[in-house]
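The structure appears below as C-alpha cells.
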Amino acid sequence: MLNIGDTAPDFELNDENGKATKLSSFRGQNVVIVFYPLDFSPTCTKELTGMASHKDKYDAAHAKILGISVDSKWTHAAFKKSLGLEASLLADFQPRGKVAQQYGVYMEAAGISKRGTFIVDKDGILRGITIKEPGEMRSEEDYFAQLASCPV
C-alpha cells in the first residue's frame, strides 16, 4: 500500500495518441494521477469534465492531469474528443491494470480500477491519496487542498 511521503511508482503508458508517457518525465511540475473505471461511464464522464472546467486552478497549482483507465488508446481518443478534454488519457491496457496494481487500486475480478487519485509533487513524492469505490464520486476540493501541500 502506498502512503503519503512515498516516492510515486514510475510507469510508462501510451496516451490516446499512442505516445509513450512516463510519469518521471513530469518532474519539475505537480501531477494529479486520476485512475477511473471506464471511459464514457456516467461518473467518469462527470468527474473528468468537472476537472476540465477547472483547468485554471490546476494550472495555478502547476499541475498536469493524467487520467488512467484500462480502456484502449482508441477509446481514450474518442472519449477525449467527444468531451473536449485536455488531460492526457493513458491506456493501462496491456497487461491490463498493471499500473493500477502498482498503485493498489486494481480490482482483478472486475477488470477495472477503483477511483484512485494520487497527487505527486514536482520531486515525485506522493502528497495526497484519495481512493473511492467505482460508484462513488471524488471531491475535487480534496485535490486542491492536497496540491496546496506541494512545493511550487
| query | What percent antiparallel are the DSSP beta bridges of the chain, to the nearest 5? | reply | 65
| Qualifying trypsin sites (Lys or Arg not before Pro) for the stretch 27-108 [loop in DSSP, other Cβ within 10 Å: at most 16] | 27, 96
| message | Run the helix sum for the chain: -39,500 (n - 2.57) per DSSP H stretch of 4+ residues, divided by residue count, reported at 222 nm to the nearest 500 deg cm²/dmol. | response | -7500 deg cm²/dmol
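For residue 136 and residue 107 in the same chain, what is the full-extension length gain: residue separation times 0.36 nm, less their Cα-Cα distance, in nm?
Values: separation 29, 0.36 × 29 = 10.44 nm, distance 1.48 nm.
Residue separation times 0.36 nm, minus the Cα-Cα distance, leaves 9.0 nm.
All other residues with a Cβ under 15 Å from the Cβ of residue 75 taken together, and with Lys, Arg as +1 and Asp, Glu as -1, what is their net charge?
On the way: positive: 73, 80, 81, 96; negative: 15, 16, 39, 71, 92.
Value of the local net charge: -1.
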| query | Mind listing which GluC sites (Glu not before Pro) in the stretch 73-152 are in a DSSP loop and have 15 or fewer other Cβ atoms within 10 Å? | reply | 86, 108, 136
| message | Using Cα-Cα distances under 8 Å and only pairs 6 or more residues apart, what relative contact order does the chain have, in percent? | response | 31
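We did not get these values from a lab; they are worked out from the coordinates using the rules stated. None of these values were measured; they are calculated from a predicted model. Note that each Cβ is placed from the backbone with ideal geometry, even for glycine, and that neighbours are counted across all protein chains shown.
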